[in-house]
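Nothing in this text is a laboratory measurement; each read-out follows from the coordinates by a stated rule. Source: prediction; values computed, not measured. Here the Cβ positions follow ideal geometry from the backbone for every residue, glycine too, while neighbour counts run over all protein chains shown.
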There are 2 protein chains.
Amino acid sequence: MTQDTTQTLTRSEATSARIIAAARPLFVAKNYADVTTDMIAGAAGVTKGGLYHHFPSKESLYVSMMLDDFERKHQLFKQSVASPGTCRERLASLTRDFLELPEEERQLARLVRRDINIFTGDDRDRLVRAYQLALPEQIEAIIRDGIKDGELAPGDPRILSWSFVALVEVVVSQYAYEVLGDTSLRLDHVLDLFFDGAAPKPTGGTQ
Amino acid sequence: MTQDTTQTLTRSEATSARIIAAARPLFVAKNYADVTTDMIAGAAGVTKGGLYHHFPSKESLYVSMMLDDFERKHQLFKQSVASPGTCRERLASLTRDFLELPEEERQLARLVRRDINIFTGDDRDRLVRAYQLALPEQIEAIIRDGIKDGELAPGDPRILSWSFVALVEVVVSQYAYEVLGDTSLRLDHVLDLFFDGAAPKPTGGTQ
DNA sequence: ACTAGAACCGACCGGTCAGTCGGTCGGTGA
DNA sequence: TCACCGACCGACTGACCGGTCGGTTCTAGT
């Protein structure tokens, strides 16, 4: 698998991918414990035996699914971090990418918080590290630059990045979509709130 | 229970309360599915049969526990909403009350987000309503006043209240405690960020 | 065509856990 | 002191689910 990534997937790889793809919406919709291996296998068009041919355990299937997703997100968000422009522009780029992700992939990022205390030891550590690398650390890098360049007030970049993530999660809700509408307005809302706060601007312009 | 709250609890009420008190730390530490009724009963000093004498199901025990807690929080936060002062002062009062709650009670508020998709129908609705009444709606009331009085820029008060809650949850983390230290500094951080944002102040004062 | 091995099947096992039920205990009123 | 009843007990049940395993089918190389 390491020596040959150029051509089409093997049958085994295709089935593994199909199983993971089938598991994704199930784990988004229901708790880890409430998603059975039979459900996943059924949704993927294999039997439980087939599933266990590709994954040694339910837990390892879950971890594979999450690591897969974090890797994709990591690649996606890395681009915004590397892009030129102001801190605000780069944060906007990253957030826009996130908001324009399909619903399912956006929700996956929340699973790590919901399910993290199910796991212990190695699996838990790997999940946490992969998540932090994919999202908070990318934001933290941009924020760190922003502080250095004077675009942001001095402060702990990690706490600021978590705060930013928290604000983004708010506008992902159904209600925010109804009130704020499409991506651009939700994006502006998050950036305005993060950079300038909720107090009225001293200059008092209307939007 | 409605007609007689003056004197000491009956034995039955005391046992119910003991069971709920025993369940609280267990549900905080582990997922709903991973906390067994035997564990709860054991921690409460009764047997499973005794537990089921007081609660018809595990789910109803969980719901009772949560509704109990939300009711207490509702009473607590109501005071800050009713208190005089600026929007910022009232938000500070409410947030300080929250931050000074014992760890266990603070964490309980997060359970509703973690476990809400376990339940369906009536129980789910009651949990959501009780939570929103206890926390976001109290904050929303203060924010609504703030917008009316010009202390906050116009905006959707519900989204702003959710944003505020999200920012508070960030400073509840272990890391934030290490970086920011005691309650007052974390409180200031949340309020500064919410009201004024992360950008440097135009006047440029240092703290 | 033959065959070795990978992919896949599905009945089954072992363990777990919510919920049950017949019974015991202790307090309370007559 | 005795009868009653709510509180409590704990062994048991039935269903569910993760994981196994012997067997079958598909595929690729010769």
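Looking only at B:SER16, B:SER80, B:SER173, which one moves most when chain B is put into a Gaussian network model with springs between Cα atoms under 10 Å?
B:SER173
For region A:11-96, with only Lys/Arg (+1) and Asp/Glu (-1) charged at the beta-carbon, what is the dipole magnitude about the Cα centre, in debye rounded to 20?
280
Quick one: Karplus J couplings for region A:42-58, per residue in order, coefficients 6.51, -1.76, 1.60, θ = phi - 60°, nearest Hz, x for Gly and Pro?
These are the phi-based 3J(HN,Hα) values: x, 5, 8, x, 10, 9, 4, x, x, 4, 6, 6, 9, 10, x, 7, 4 Hz.
Relative to the longest principal axis of the C-alpha atoms of chain A, give the angle of the C-alpha long axis of helix A:11-29, reported between 0 and 90° and rounded to the nearest 10°.
For A:11-29 against chain A, the angle is about 50 degrees.
How far, in degrees from 0 to 90, does helix B:136-148 lean away from the longest principal axis of the Cα atoms of chain B, to the nearest 10?
On a 0 to 90 degree scale, this one is about 20.
Taking +1 at the Cβ of each Lys and Arg and -1 at the Cβ of each Asp and Glu, which of A:GLY197, A:PRO25, A:TYR175 sits farthest along the dipole of chain A towards its positive end, judged by Cα position relative to the Cα centre?
Towards the positive end, the residue furthest out is A:PRO25.
Using alpha-carbon positions, what is the distance between the centroids of region B:14-58 and region A:5-77, in Å?
About 35 Å separates the Cα centre of region B:14-58 from the one of region A:5-77.
Hey, what angle do you get for helix B:157-170 against the long axis of chain B, alpha-carbon based, 0 to 90 degrees rounded to 10?
80
Residue by residue, what Karplus-based ³J(HN,Hα) values in Hz, rounded to whole numbers, does region A:112-117 have, using 6.51, -1.76 and 1.60 with θ = phi - 60° and x for Gly and Pro?
Along region A:112-117, the couplings run 4, 6, 5, 9, 4, 7 Hz.
Run the numbers on region A:124-199 and let me know its relative contact order in percent, using alpha-carbon pairs under 8 Å that are six or more apart.
Worked out over region A:124-199, it gives 23 percent.
Given an 8 Å cut-off on Cα distances and at least 6 residues of separation, report the relative contact order of chain B as a percent. Kindly include the intermediate steps, with their values, before the conclusion.
Working: 148 pairs, mean separation 37.2, N = 207.
Once normalised by length, the contact order is 18 percent.
For the protein assembly as shown, what number of Lys pairs, 8 or more residues apart or on separate chains, have alpha-carbon atoms under 16 Å from each other?
On the way: A:LYS30/A:LYS58; A:LYS48/A:LYS58; A:LYS148/B:LYS201; A:LYS201/B:LYS148; A:LYS201/B:LYS201; B:LYS30/B:LYS58; B:LYS48/B:LYS58.
So the count works out to 7.
Taking the Cα centre of region B:48-207 as the origin and placing charges on Cβ (Lys, Arg +1; Asp, Glu -1), which of B:ALA82, B:ILE143, B:ASN117 is farthest toward the positive end of the dipole?
B:ASN117
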